[in-house]
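Right, one structure below, let's go through it.
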Amino acid sequence: MKVEEIMTSRNLVTVAATSTVAEALSRMRTTGIHQVPVIAGKRYAGMLSYREVLRRRSIRSNSKVESFMIKTAKLTPNTELKTAIKLLRNSGLAALPVVESGKLTGILSRTDLLKNFSSIVPDTGMKCVEVMSSDPLVIVEDEPIDKALEKFRSLDESEMPVVSKSGKYRGILRVDQISAGKLLNSPERVSDGAVTGESEKLMINTGSLALKAVNAEPRTTLETCVRMMVDNRIRSVPVTDSAGKVVGVVSASDIIGTISTGENNGGILIQVSGLEPWDDDLYDILFYNASKFVSRLTKMAGIKGGNFDFHVAKYHSEGRTKYSVRTRLVGGSINMSINDYDWNFGKCIDKIIETYENRLTKRKEK
């Protein structure tokens, strides 16, 4: 299958590199798109996403998009779909551009893959409990927006479950429901892309913004979960127990992580995204610990081939760096996702490896 068979090619939403960030956020909020292609003249230039805006913490509303967009890998209409999926997963992005002769001709997004999931992956009967991210971050419904934004930054995602004080699931908060002024943390007030020059004073709690409660149970099939995402235009589905408490989250990236791209013929392939070329010390810490763990996998779980994927996000505050690490281990009958965050990168990786070992040990004992 080729990219052109499932990519979005009509009514593409784009922003100009010379547009202001406030204008771009207004367009993203109106269309419900969380990552938008940037065009310079008539050529594709990069991507702007909520993730990049949140990472900066404070942006003037009249700042230009070209200063905050990121460079990405590019696909062509004839790119093999399995190759495209691998590139999309490794990028940690929600979508990649489809480009011909420098011009944008389409977009391949996680949503495109979800819409065509049944034709890409045979029905395996896999359940949510097998792929969900356990111990997810949640937002309590009476928490202020500023606190919710901090959680979005640490999770590196654009949706999060909202719960009551007692922990009962209430709904989903999407980052595009939060005003542009709050996202930019700008001294100006932003409304529909316009700067009014007034100070914005929002005393809104997250519960008032939460979307209707769409949720799955641990034994819900992935196919059902995919339909929930597509039908409700969401990117994650909270998983709740019999008491209505959130015990996990299945995201679009979790589901796409189950798609085999056929590049593994043996051994566990460790793949890392999100780190910069100069992060040699972080690469060394990650690969040293991950390699030791991988060497024990065959004995622990009988895994002889598969993928061990890491995506690292860094957040800077008060002269310190906080690390958020999302991981997925796929091999044999194993498909697990574990995320964590910490100010100490080595400690963060250690906690993730320890959690995998505990879960695999429990699985073996059953």
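Using only the heavy atoms of the protein chains and a 1.4 Å probe, how would Lys147, Lys322 rank by accessible area, largest first?
Sorted descending by solvent-accessible area, the residues read Lys147, Lys322.
Roughly how much of Thr220 is accessible, in Å² to the nearest 10, using a 1.4 Å probe?
Its accessible surface works out to 30 Å², give or take rounding.
Run through the DSSP bridge list for the chain and note the antiparallel percent, rounded to the nearest 5.
80
What number, rounded to the nearest 500 deg cm²/dmol, is the helix-based mean residue ellipticity at 222 nm of the chain, given -39500 (n - 2.57) per DSSP H run of at least four residues and division by all its residues?
-9500 deg cm²/dmol
With an 8 Å cut-off on Cα pairs and a minimum separation of 6 or more residues, tell me the relative contact order of segment 1-143 in percent.
27
Which values of log₁₀ I(q)/I(0), to two decimal places, follow from the Debye formula for the chain at q = 0.07, 0.08, 0.14 Å⁻¹ with a uniform point scatterer at every Cα?
Values, matching the q order: -0.30, -0.40, -1.33.
I want to verify a result. In a Gaussian network model of the chain, Cα cutoff 10 Å, which of these has the top mean-square fluctuation: Lys71, Lys299, Lys151?
Result: Lys299 has the largest fluctuation of those listed.
Give Lys74/Lys103; Lys245/Lys322; Lys165/Lys245 a once-over and call out the pairs whose C-alpha atoms are over 20 Å from each other.
Numbers: Lys74/Lys103 11 Å; Lys245/Lys322 28 Å; Lys165/Lys245 11 Å.
The answer is Lys245/Lys322.
Roughly how big is segment 246-295's charge dipole about its Cα centre, with Cβ charges of +1 (Lys, Arg) and -1 (Asp, Glu), in debye to the nearest 20?
My answer is approximately 320 debye.
Any idea how far apart Ala40 and Glu52 come out in nm if each label point goes 7 Å out from Cα toward Cβ?
Computed distance between label sites Ala40 and Glu52 equals 1.1 nm.
So if the hydrodynamic radius of segment 310-349 is defined as the Kirkwood radius over C-alpha pairs, what does Stokes-Einstein give as its diffusion coefficient at 4 °C and 1.567 mPa s, in µm² per second?
In µm²/s, the coefficient is 117.
Mean separation of Cα pairs under 8 Å and 6+ residues apart, divided by the residue count of segment 270-366: what relative contact order is that in percent?
Reported as a whole number, the value is 25 percent.
Principal axes first, then extents: for the Cα atoms of segment 233-339, list largest minus smallest coordinate on each axis, whole Å, largest first.
Projected onto the principal axes, the Cα atoms of segment 233-339 cover 44, 44, 25 Å.
Relative contact order (percent) for the chain, with alpha-carbon contacts under 8 angstrom and 6 or more residues of separation?
With pairs under 8 Å counted, the relative contact order is 16 percent.
Suppose R0 equals 30 Å; then what is the FRET efficiency for Asn62 and Asp146 from their Cβ-Cβ distance, rounded to the nearest 0.05?
0.85
Quick one: accessible area per residue over the chain, 1.4 Å probe, rounded to a whole number of Å²?
Here the per-residue accessible area is 47 Å².
What number in nm² do you get for segment 1-105 if you take the convex hull of its Cα atoms and divide its surface by four?
Directional mean of the projected Cα hull area for segment 1-105 stands at 6.5 nm².
For segment 28-168, what is the Kirkwood hydrodynamic radius in Å, using each pair of distinct C-alpha atoms?
Across segment 28-168, the inverse of the average 1/r is 17.6 Å.
Round to a whole number: what % of the accessible area of the chain belongs to carbon and sulfur, probe 1.4 Å? Please report the intermediate quantities before stating the final value.
Values: 8170 of 17250 Å².
The computed percentage sits at 47.
The values are calculated or read from the model by the stated rules, or taken from the named source; none is laboratory data. None of the values given here were measured: they were computed from a predicted structure. Using ideal geometry, Cβ is built from the backbone for each residue, glycine included, and neighbour counts are taken over all protein chains shown. In case anyone asks, the SASA skips ligands and DNA or RNA and just uses the protein heavy atoms, side chains included. Shrake-Rupley method; radii C 1.70, N 1.55, O 1.52, S 1.80 Å.
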